[in-house]
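Only one structure is covered here, and it is reproduced in the block below.
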Amino acid sequence: MERSYRDAIYAGSLLGYAKAAVRNTSAAITETATPAVRQVLNRHLQQAIELHEQIFNYMLQHDLYPAYDVEKIIEHDIRNAKSAIAMPIRSRQP
């Protein structure tokens with residue numbers, strides 16, 4: 001697997017985890033009744049947003065996520081789909 005493709009997979013996964021952290025922390029804030037806990041979660045939320053921004057900017061600068069170029073996004077999706085289709089299927093044996 002070529003380096004830039006591997007980097008895109010890792011960075012994309014990390015971006016997804018950061019997005020999930022933002023979403024989950026936001027949900028936790030709405031479920032919290034204690035002001036002190038809400039304050040801690042708000043700090044965590046800000047950190048998660050900043051991390052997401054850093055990862056997004058890294059991917060954008062390294063052409064790993066052409067967020068503003070729909071044609072490139074479609075090209076990447078087609079390439080990824082073709083790669084997935086070409087992968088050998090391993091059967092599970094009991």
Residue within segment 13-24 that is modelled with pLDDT of 95 or more and of a type in the set (Ser, Thr, Tyr) present: yes
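Please specify each residue of segment 71-88 satisfying the condition of being hydrophobic (A, V, I, L, M, F, W, C) and farther than 26 Å from residue 21 by Cα. Give the derivation first.
Going through segment 71-88, the residues hydrophobic (A, V, I, L, M, F, W, C) turn out to be 73-74, 78, 81, 84-87.
Listed by number, the residues that qualify are 74, 78, 81, 84, 85, 86, 87.
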In segment 25-46, how many are surrounded by 13 or more Cβ atoms within 10 Å (Cβ to Cβ), within 20 Å of the chain's Cα centre (by Cα) and of a type in the set (S, T, N, Q)? 2
Just wondering, is there one or more residues in segment 73-80 that are under 13 Å from the mean Cα position of the chain (by Cα) and modelled with pLDDT of 85 or more? no
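The values are calculated or read from the model by the stated rules, or taken from the named source; none is laboratory data. Computed from a predicted model, the values in this text were never measured in an experiment. With ideal geometry, Cβ positions are generated from the backbone for all residues, glycine too; neighbour counts draw on all protein chains shown.
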